[in-house]
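The values are calculated or read from the model by the stated rules, or taken from the named source; none is laboratory data. Since we're looking at a predicted model, the values are computed, not measured. Every residue, glycine among them, receives a Cβ derived from its backbone with ideal geometry; neighbour counts consider all protein chains shown.
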Amino acid sequence: MSEEIHLLYEAFHQLTQAEDAEGRQLAAQRYEQLLEQHRTRLARNEDLLRVNVALSKAGDEFSILEAVALYAQPRGAKRISISFIYTNAEGSIVRASPQAIWLNGVTSPPDFSRSDSKRPYFSEEWWQGDYSRPIFIEDLQDDSRITPENARRFVEVYGVRSMAALYLQVGGMPNAVVFVYWEQPHTFSEDECYVFTQLLQTLPSVVATRRAYLAEQQRAHQMEIIAKLSAAVTRTLREEELLCTVGELLDANLQGHCAQLYLADVLENYLVPFQPPHTPRSLPPSIPLHDPTSFASCVVQTCLVPTAYGEPPDYIFVTPLDEGYATLFVPMLASDRLIGLLRVQASGGGRLFESDLWLINALADVIAVALQNARLYQQARQLAAYQERNRLARELHDSVSQALYGIALGARTARALLERDPSRLREPLDYVLSLAEAGLTEMRALIFDLRPDSLEQDGLVSALTRQTASLKTRHHIGVEVDMCAEPDLPLESKEALYWIAREALHNTMKHAQASCIHLRLAHEGSQLVMEVRDNGIGFESNGAFPGHLGLRSMQERAARLHGSLEIISAPNNGTHVRVRVPMTA
């Protein structure tokens with residue numbers, strides 16, 4: 001600019017110093033020429049400044065295109081578009097994704113109604129390795145860089161004949177590409193070439209900032225989805241309810257993509273689709289796991305079979321379908337075992353991006369662990385039910401069945417005495433009555449265990465009283481009970497204390513060889529104390545209780561109540577179990 005001013009000054013000086021008319025005319029022509037060039041450059045720089053100011057305020061793809069349109073629209077441009085470029089780990093371009101379109105003064109999202117097979121494509125070869133300058137194609141149908149087929153697509157799909165393309169790089173890596181189109185063949189002026197070239201200095205940083213912001217927002221949104229799913233799957237351990245919840249969350253949060261869960265069957269020969277009850281869509285077929293023609297089967301087998309490096313690959317398979325859609329298959333594995341498969345089919349433009357792959361892979365991991373936990377919980381419940389049935393069978397055999405046998409024996413004795421010596425009936429009848437009372441007491445205790453609502457209705461004191469009465473009747477052992485009024489504790493706390501007391505009493509009957517048990521329940525300040533003492537043979541208590549699963553479970557129950565459990569015992573010195581829990585537990 002300073003050189004132009006200097007030239008203008010010299011031309012003006014020559015004009016004022018010219019001595020003849022011809023000299024003045026030549027000087028005036030040069031001065032007017034330089035002045036016009038200066039005005040042109042000044043207008044060009046003003047245009048560029050206006051675009052750059054608008055770019056500095058641009059907050060999204062639409063405002064970026066509107067800023068470029070401030071210069072391109074007055075020069076007849078019909079259409080402007082921006083596409084983000086995605087690369088692989090080696091830096092090669094794998095996808096150019098349209099983000100926004102400016103068309104005759106109106107900005108809008110890209111139109112994905114046409115399949116990718118009909119769209120014109122952009123090629124790095126157009127730039128021939130020189131990305132520092134835009135490429136200018138004055139007529140798409142008469143340029144050696146554009147194939148006839150691609151030129152025909154530009155005309156048919158977009159209705160354009162001329163193009164300026166700006167390849168944006170950040171740190172030497174492709175980041176985006178901006179296209180400016182004209183409806184008819186267009187001859188690019190020197191000023192237009194200059195302005196579009198200068199825009200390559202400002203557009204990359206603006207677009208890079210926008211992409212970084214979008215990536216941050218997207219990652220925050222994805223983490224929110226993962227958090228929602230993680231929170232939802234912890235609320236239930238019932239498999240069908242869990243799967244329904246997962247399906248609802250996937251449908252609501254995967255941006256319209258269609259997600260389908262498949263579960264491996266027991267023999268792991270098929271992947272069986274899961275569909276919530278009362279859903280209108282048809283159920284897809286099961287997937288055979290050993291079908292070499294199945295994409296899903298190939299994915300699963302690749303993940304399950306170790307590679308030459310010893311570890312299964314983190315394999316994700318994406319295949320474009322006929323109309324440009326893509327399908328993602330992610331095996332769900334837990335503890336190196338196949339749980340199922342998550343299949344996601346892209347919607348809209350049929351695209352799945354690298355960030356989508358990361359999210360869906362993470363969701364598949366969460367679902368797999370949740371399903372494994374639900375199944376382990378179900379197995380644990382089945383095992384607990386089996387063990388409880390066995391315990392009840394033993395209890396019935398050891399107490400009620402023996403009482404019934406004794407009642408039958410006493411009744412036969414009484415019947416025999418009735419015929420021979422009725423005066424001796426009193427003793428066998430008293431025996432029958434005592435056995436009936438003992439059996440009734442025992443049955444009440446067993447029924448109490450079978451009813452889940454008994455503790456809530458009858459209370460902890462009543463439950464412990466029935467247990468001690470059952471022990472006294474069945475084992476003919478001395479039982480002393482000292483209990484306070486019903487404590488004000490949550491039901492979960494009462495259940496834990498009840499089972500701790502049962503385990504302590506069971507250990508006494510099984511191991512202690514005691515003749516007397518003392519059960520105490522009392523308030524001590526802000527704590528509730530429960531004690532079980534016996535005068536049995538005792539044992540060496542070391543705190544760790546290796547092999548004593550019952551004692552360990554008692555400690556775990558007390559810890560869950562934020563309380564403490566103390567076991568004091570020594571050989572030939574009895575055992576004293578003391579539990580302390582806060583009243584706010």
Restricting to segment 216-271, what's the tally of residues that are in a loop (DSSP other than H, G, I, E, B) and surrounded by 17 or more Cβ atoms within 10 Å (Cβ to Cβ)? 3
Given E241, E183, E224, which one is over 30 Å from E90 (Cβ atoms) and at pLDDT below 90? E241
Out of E419, E486, E480, sole residue that is at pLDDT 75 or above, part of a helix (DSSP H, G or I) and surrounded by fewer than 16 Cβ atoms within 10 Å (Cβ to Cβ): E419
Could you list all residues from segment 153-194 that are within 23 Å of N104 (Cβ to Cβ), β-branched (V, I, T) and touching a helix residue (DSSP H, G or I) at 6+ places or on another chain (Cβ under 6 Å)? V160, V180
Take Q218 and tell me if it is in contact with a helix residue (DSSP H, G or I) (Cβ under 9 Å, 6 or more places away or on another chain) and in contact (Cβ under 8 Å) with a residue 12 or more places away in the chain. yes
Condition broken by Q201, with the remaining ones in (1) closer than 20 Å to R133 by Cβ; (2) surrounded by 15 or more Cβ atoms within 10 Å (Cβ to Cβ); (3) not charged (D, E, K, R) satisfied: (2)
Among the numbered criteria (1) at pLDDT below 90; (2) in contact with a helix residue (DSSP H, G or I) (Cβ under 6 Å, 6 or more places away or on another chain), which one does G247 miss? (2)
E124: free of Cβ contacts under 8 Å to residues at least 24 places away in the same chain and either in the same structural domain as A346 (by TED's automatic domain parsing) or acidic (D, E) (or both), yes or no? no
Give the number of residues within segment 127-150 that are in contact (Cβ under 8 Å) with a residue 24 or more places away in the chain and surrounded by 15 or more Cβ atoms within 10 Å (Cβ to Cβ). 9
If I go through segment 93-113 residue by residue, how many of them are in a loop (DSSP other than H, G, I, E, B), exposed (fewer than 13 other Cβ atoms within 10 Å of the Cβ) and at pLDDT below 80? 2
Expected output for segment 269-296 (first residue over 15 Å from P331 (Cα atoms), partner of a type outside the set (F, W, Y) and modelled with pLDDT under 80, Cβ below 8 Å, 6+ apart or cross-chain) is Q275/R281; Q275/L283; D291/S297; P292/C298
List pairs: first residue in segment 316-335 and at pLDDT 75 or above, second residue of a type outside the set (S, T, N, Q) and part of a loop (DSSP other than H, G, I, E, B) anywhere in the structure, Cβ distance under 8 angstrom, at least six positions apart or on different chains. T327/L321; T327/A346; L328/I316; L328/A346; L328/L352; F329/I316; V330/I316; P331/Y315
Taking segment 429-443, which residues are surrounded by 14 or more Cβ atoms within 10 Å (Cβ to Cβ), more than 22 Å from S462 (Cα to Cα) and of a type outside the set (V, I, T)? L429, Y431, S434, L435
Taking S144 and the conditions (1) within 28 Å of T202 (Cβ to Cβ); (2) not in a helix (DSSP H, G or I), which numbered condition does it fall short on, given that it satisfies the others? (1)
Which of (1) at pLDDT 90 or above; (2) farther than 20 Å from F62 by Cβ; (3) touching a strand residue (DSSP E or B) at 6+ places or on another chain (Cβ under 7 Å) is the odd one out, the single condition T197 does not satisfy? (3)
Just checking, does segment 164-171 include any residue being among the polar types (S, T, N, Q), surrounded by 15 or more Cβ atoms within 10 Å (Cβ to Cβ) and under 21 Å from Q99 (Cα atoms)? yes
Condition met for S553 (surrounded by fewer than 21 Cβ atoms within 10 Å (Cβ to Cβ), under 39 Å from the mean Cα position of the chain (by Cα) and at pLDDT below 85): yes
